[in-house]
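Okay, structure first, notes after.
None of the figures in this text is laboratory data; all of them are computed from the coordinates on show. Worth saying up front: this structure is predicted, and the values here are computed from it rather than measured. As a convention, Cβ positions derive from the backbone with ideal geometry for all residues, glycine included, and neighbour counts pool all protein chains shown.
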Amino acid sequence: MNDEHDILDEPSPVEPALDNLGQPTKPPVRTRAGDITRPTNELAVGEGDVRTAERGEGEYIVGTSLWRDAWKRLLKNKLAVFGLVVVVIITVTCLLGPPILKAITGFDYAYIPSDSALTKSFPPFTAPDGSFSWLHPMGTDNAGRDILARVLLGGRISLMVGIISTIVSLIIGVSYGATAGYLGGKVDDVMMRIVDVLYSLPYIILVVVLLAMFGGKSPLSQLVLLFIALGAISWLTMARIVRGQVISLKNQEFVTAARATGVSTGKIIFRHLVPNTLGPVIVYATLTIPQVMLSEAFLSFLGFGVQAPLASWGSLANDGVQNIAIFPWQLIFPGVTMALALFSLNFLGDGLRDALDPQMRKV
Amino acid sequence: MLRFIVRRLIITVPMVIIVVSLTWGLIRLAPGNFYTGEKRIPPAIEQNLREKYGLNKPWYVQYGKMLKNTLMLDFGTSLKYEGQSVGSILARSLPVSATLGLLAYLLALVVGVTAGTLAALKQNSRLDYASMALAMLGISLPNFVLGPLLVLIFSLSLFWLPPTRWGGFPSVNLILPVLTLSAVYMAYIARLTRSGMLEVLRADYIRTARAKGLSEREVVLRHALRGGLMPVVSYTGPALAFLIAGTVVVERIFVYPGLGTYFLNACLNRDEPLIIGIVAFISISVLIFNLLVDIAYGFIDPRIRY
């Protein structure tokens, strides 16, 4: 078999990136001033770092190189570019679409026609008399609402839940992981033990109980509940990643320097260490968004998530699945849109990981 | 090893207590209760019912009783399904969910490991790209979209398979639900296997195995797979928790009388004993499953010691 040559000869895609001198690059360091620099080879690492922390601009190689490198690598990855383009298109359409649609056809997500002949589900591109029409490109739902308008609203809400819950999980996960990693010792043991314990709990079941018990008051409070619940369950992996990063950073000289100059522990963690973990954090946050959107859709599908007249892709799928035999378009449009969005987000996240952090490769 | 197992089993008890207490707290803190449903019952009858179920005692007495019963694995009787003990409901619905979950996971393992291994062996080939794109699709396509689509195609258009209903263990009714449930895990396992295998195939011991003249087949099956499957083994623990969430959806789509369906109904009806029974049961099984995975880990990778 010639496979073995393939495997042995080919450079691994995950080997550390080489700089233009052919030497492995050192991990980039973000200085106090906020510039990202790489320790240069002429300086001893420690020396370089201390200078980095103390001197002004121009003393060392100022680089946006990490981000520019990453951007270049990302652009080379066709699937990631595809993901990026589709994500941008979907986001822009969901943001700008509803007002445009309202202006052109006069439909919004909650518009129910007053004529009772129209309050039923029409197939895509069909006028009430059965002829071709551009009025409802995705058809209408049981109440005669325009599905396109509802899918766009669903996109807004799904993306919003994804982003806000991810931010919640970022805040919790980063502070938790950085604190555990920096303090180390017993504190770290206890904190990470808690994460291990939480990992093995069926928390999605608890979220269902939470939403079933406290949900359903108003669509808006339901949304807030969703943000918090989903954010609160998705920070665990983030905490682990940040902790690992912080542990590998905390013995570097810029931290010692900060400590020597009397910077408080909290400031060291959040001003000096956390910014340095940005790469993996961005990567993982990108991958958290589709996960959270999926969880939201799961909950909405079961009827515990977003509530009418608001809609998310999950709740639209829930409405659609009831009528799958007669009105399949009610499920297909929101379902396929959602799958496309998740697909692109996952590819983008994967691409970002390869671009920003070649060493980190998991699923 | 034995000490490790015993320690983990002991930890299970406080963890189940935490989960059950959280659930109980959520149910009790929420406004309303089982009797504030759509169908109002006369106050006198409600009073009697409350007395019967001990709901008129102070909260700490009720909490203590609930904890004690949970630890004895006696969850009482359901409020909604009158006269049926939670245990009997569990016994009735578990086989349905377990069949579904087990078949789905087995299918995912077989397909996922095969696809992942082939993709890793032929890295950057068409096969690799195709299977990884397919895997990404599997991860991105929510099961509640996939399931109805499969029904639409195979039941409502082609009339090959029945669209819903539980039909016992070996039955064609299982094909669509199992496929629906298994897609995500197939995809995850394929990706995990691929990345695990890629790493292992570059290891020195694989070079040694090749150098001593083993056939490629033997190198892959006997040496590489063992190391390459480690990520899959460690994924099995979390997978169970997600599998449970997945069965809830699949049981709803295909109208299966499984654990998930009862759980949903219990939540909607605020059927406290049933909710607590199911949550406790799920937590215990997830925790024990995680323990089994950790033990298996030690067997597969002799470098791991407890």
> Near B:ALA115, within a Cβ-to-Cβ distance under 15 Å, what is the net charge of the other residues, with Lys and Arg +1 and Asp and Glu -1?
Replying inline: +3
> How much net charge surrounds B:ILE27 when only other residues with a Cβ under 11 Å from its Cβ are counted (Lys, Arg +1; Asp, Glu -1)?
Replying inline: 0
>> P(r) for the range A:225-312, please, calculated from all Cα pair distances in 5 Å bins and given in %.
In response: 3, 12, 19, 16, 12, 11, 9, 8, 5, 3, 2, 0
> What residue among B:VAL20, B:ILE45, B:THR77 has its Cα farthest toward the positive end of the dipole of the range B:12-125, where the charges are +1 on Lys, Arg and -1 on Asp, Glu, each on the Cβ?
Replying inline: B:ILE45
> When the distances between all Cα atoms of the range B:207-306 are binned every 5 Å from zero, what whole-number percent does each bin get?
Replying inline: 2, 11, 15, 15, 13, 10, 9, 8, 7, 4, 3, 2, 1, 0
> How many percent of the alpha carbon pairs in the range B:8-142 exceed a separation of 27 Å?
Replying inline: 50
>> If I take R0 = 56 Å and measure r between the Cβ atoms of B:LYS212 and B:LEU29 in this structure, what FRET efficiency does the formula 1/(1 + (r/R0)^6) give, to the nearest 0.05?
In response: 0.30
>> Averaging the inverse of every distinct alpha carbon separation and then flipping it gives the Kirkwood radius. What is it for the range A:164-228, in angstrom units?
In response: 13.7
> Which order results if B:TRP24, A:TRP71 are arranged by neighbouring Cβ count within 10 Å, fewest first?
Replying inline: A:TRP71, B:TRP24
> For the range B:92-170, what is the convex hull (Cα atoms) projected area averaged across all directions, in square nanometres?
Replying inline: 6.6
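Using Cβ counts within 10 Å as a stand-in for footprinting exposure, how do B:ILE27, A:ILE282, A:ILE104 rank, fewest first?
If I rank by nearby Cβ atoms, fewest first, I get A:ILE104, A:ILE282, B:ILE27.
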>> On a full-extension model of 0.36 nm per residue, what is the gain between B:SER125 and B:SER88, subtracting their alpha-carbon distance, rounded to one decimal in nm?
In response: 8.0 nm
> How well do other chains shield peptide B:144-157, expressed as the mean number of their Cβ atoms within 10 Å of each residue Cβ?
Replying inline: 5
>> I need B:VAL233, B:VAL200 ordered by Cβ neighbour count within 10 Å, fewest first.
In response: B:VAL233, B:VAL200
> In vacuo Debye scattering of the range A:134-256, one point per C-alpha: log10 I(q)/I(0) at q = 0.11, 0.13, 0.15 Å⁻¹?
Replying inline: -0.55, -0.69, -0.81
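If you build the convex hull over the alpha carbons only and average its shadow over all orientations, what do you get for chain B? Give it in nm² to one decimal.
Details: hull surface 81.1 nm².
Hull-based average projected area comes out at 20.3 nm².
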> Thinking of the range B:93-271 as a set of Cα atoms, what percent of all their pairs are more than 23 Å apart?
Replying inline: 48
> Other chains' Cβ within 10 Å of B:247-254 residues: what's the mean?
Replying inline: 2
> So, in nm, how far is label B:SER21 from label B:ILE175 when the simple model puts each one 7 Å beyond its Cα toward the Cβ?
Replying inline: 5.0
> Taking only the alpha-carbon atoms of the range A:252-298, what semi-axes of the equivalent ellipsoid follow from 5 times the gyration tensor eigenvalues under a square root, in whole Å, largest first?
Replying inline: 34, 10, 5
> Averaged over A:293-300, how many beta carbons belonging to a partner chain fall within 10 Å of each residue's beta carbon?
Replying inline: 3
>> Working only with C-alpha atoms, what are the Rg and Dmax values of the range B:183-243, expressed in angstrom?
In response: 13.4, 43
